[in-house]
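Only the coordinates and a few stated rules stand behind these numbers; no lab work does. Not measured: the values here are computed from a predicted model. Because the Cβ atoms are built from the backbone with ideal geometry, glycine has one as well, and the counts that use them run over all protein chains shown.
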Amino acid sequence: MSSIIFYGTDQYTKKNLSYWLKSGYKPVCFSDSNERISDVRFPSTKNSIVESFEILPLPKAIAQYPDYEIWITGERSNWYNMREQLLAYGISLERIYHADCRIEPSPARWCQNLGQYFVIDAIEKRKYYYCCEKNKQLFISSGNIEKDIFEYNNICRKKIYDLQNGNPSSCDGCPSLRFGISPEEYPKLTRFNFSTGLIGGDTCNLKCIYCSYRQKLDSNHDENANEDNLFDILSYIDKMYNPAQLYISYNAGEITVSPYRDRILKLWKKTRWRGQILTNCVIYNQDIADLLGDELIDFNVSIDSGTRETYAKIKGADCYDKVVANLLKYSKANRRIALKYILLPGLNDNENDYNGFFRIATDIGANPVFLSWNYGDKAEMSANAVEAADRFISLGLYTGLNITVFSSNFPKTSRAIIDSLVTKNKLHSGVEK
Ligand code: SF4
Ligand code: SF4
């Protein structure tokens with residue numbers, strides 16, 4: 001375990017010190033921004049009911065304990081300022097924690113998503129979501145990404161603290177909540193997800209009938225849009241995070257028609273981020289093929305049909321043949337393409353489409369094939385729709401393909417039926433990211 005330096009000697013620290021010590025975390029010393037503190041020990045040895053510790057000036061403390069971690073022990077409202085002071089001393093973010101969040105009483109409630117996802121979504125004001133439950137919990141950006149990530153970590157740490165201490169939480173009732181000892185230290189931000197609307201100019205060359213971004217895509221054609229927001233964030237991620245521990249999803253419209261396409265793809269090649277870039281494959285792009293060939297991106301294409309007519313009805317454009325030809329071309333770079341089928345009763349739940357779809361999936365060696373549902377459609381599935389899902393799975397298994405079902409996208413009650421199909425057929429059940 002690293003040497004723990006407690007930073008801050010205010011009333012909050014005094015009040016909580018016995019709790020932190022009782023939890024088994026003992027600092028090697030204290031430090032404080034006020035280097036003129038006359039007390040050389042904290043708490044003052046007079047009348048103190050807990051052990052007291054030496055207060056060292058910060059440069060001396062970190063020189064004396066090079067394997068240090070710094071735990072801020074000051075009042076919560078001062079977290080940001082105290083952390084700024086530490087950064088100004090050249091201490092890296094990875095070494096800075098708040099004492100309340102570092103201590104993990106166990107067992108406790110925990111969630112593997114908490115503190116891991118940073119979802120960036122906006123149209124007028126930049127907004128962030130901080131867990132994977134779709135659109136569930138958000139805060140508004142201050143306009144400064146560094147400050148926002150710090151705020152994000154604080155929100156998550158506070159949530160973790162509430163979960164660990166049995167306090168009421170907005171996570172109560174969420175199916176992702178677990179009880180036990182969390183398998184790893186958190187919050188640990190490893191996923192950035194860029195959604196449509198961060199900057200003007202996000203666009204798409206299709207009009208899928210289920211597209212939840214449509215309104216944003218239609219209202220967001222500002223040719224003078226300021227792209228700084230996007231590239232500020234991307235360059236901050238590049239500067240601050242280890243690419244080997246990151247996963248970036250770029251889901252802001254269709255990348256091949258984005259005005260920022262070349263800049264984004266060039267940066268991606270340079271940083272060698274891992275992640276996913278959504279494309280509908282209407283246009284082939286050599287940079288994307290290169291990233292795919294280098295296994296830097298996951299490739300997940302939703303075609304939802306196996307005939308030209310159905311594709312045009314669902315996607316709003318007659319380009320099925322082009323998409324199939326491009327998929328074949330991409331599969332030469334890498335046969336790790338995931339092909340998705342969003343089941344749309346009355347439109348694509350027929351043998352012709354299933355057969356055409358599985359023919360393409362086989363030709364490109366799709367792995368896996370995702371079966372999903374339009375999660376904007378909350379109506380429960382009819383008996384026919386359940387049968388159609390069952391038939392899709394049977395045909396897929398017959399062709400020897402690896403089928404994964406995004407069961408959490410299915411309507412609430414129907415999910416149990418879909419899960420039983422997953423179990424019966426020994427399939428994987430995934431969560432769409
Ligand atoms: S428990 Fe649910 S709401 Fe809470 S962080 Fe996890 S996924 Fe989000
Ligand atoms: S390809 Fe994606 S972004 Fe474009 S319309 Fe379809 S769902 Fe929306």
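In nm, to one decimal, how far is the Tyr25 label point from the Ala325 one, both placed 7 Å along Cα→Cβ?
About 6.1 nm, to one decimal.
Using the number of other C-beta atoms within 10 angstrom as an exposure proxy, rank Asp318, Asp419 with the fewest first.
Asp318, Asp419
In the structure displayed, which of Lys188/Lys269; Lys266/Lys340; Lys239/Lys378; Lys266/Lys332; Lys22/Lys46 lie more than 32 Å apart, Cα to Cα?
Listed pairs above 32 Å: Lys239/Lys378.
Taking the Cβ-Cβ separation of Tyr80 and Tyr375 as r and a Förster radius of 35 Å, what is the calculated FRET efficiency to the nearest 0.05?
Efficiency for this residue pair is about 0.45.
Roughly speaking, what is the stretch gain from Leu87 to Glu35, that is 0.36 nm per residue apart minus the C-alpha to C-alpha distance, in nm to one decimal?
17.0 nm
Note the full-extension length gain between Asn16 and Val50 as 0.36 nm times their separation in residues minus their Cα-Cα distance, in nm to one decimal.
That works out to 11.2 nm of additional length.
For Asp32, Asp349, what's the fewest-to-most ordering of other Cβ within 10 Å of each Cβ?
Asp349, Asp32
Hey, got a sec? Which trypsin sites (Lys or Arg not before Pro) in region 233-284 land in a DSSP loop and have at most 12 other Cβ atoms within 10 Å?
Here the sparse-neighbourhood loop sites are Arg272.
Which loop trypsin sites (Lys or Arg not before Pro) in region 5-57, with loop taken from DSSP, have no more than 16 other Cβ atoms within 10 angstrom of their Cβ? Provide the component values of the computation, followed by the final result.
On the way: sites: Lys14, Lys15, Lys22, Arg36, Arg41, Lys46; in loops: Arg36, Lys46.
The qualifying sites are Arg36, Lys46.
Which residues' amide hydrogens lie under 5 Å from the amide hydrogen of Ile72, considering only partners 5 or more residues apart or on another chain, with H built in the peptide plane?
Tyr7, Tyr97, His98, Ala99
Using a Gaussian network model on the chain with a 10 Å cutoff between Cα atoms, which of Asp298, Asp67, Asp100 fluctuates the most?
Checking each option, the largest mean-square fluctuation is seen for Asp67.
Could you list Glu69, Glu84 so that the one with the fewest beta carbons within 10 Å of its beta carbon is first and the one with the most is last?
Values: Glu69 17, Glu84 12.
If I rank by nearby Cβ atoms, fewest first, I get Glu84, Glu69.
So what's the angle, to the nearest 10 degrees on a 0 to 90 scale, between helix 320-333 and the longest Cα principal axis of the chain?
Helix 320-333 and the main axis of the chain meet at about 50 degrees.
To the nearest 10 degrees, how steep is helix 351-364 against the longest Cα principal axis of the chain, on a 0 to 90 scale?
The answer is roughly 60 degrees.
Which cross-chain or sequence-distant (5 or more) residues have an amide H under 5 Å from the amide H of Asn300, H modelled 1.01 Å from N in plane?
Placed amide hydrogens put Thr279, Ala338 under 5 Å from Asn300.
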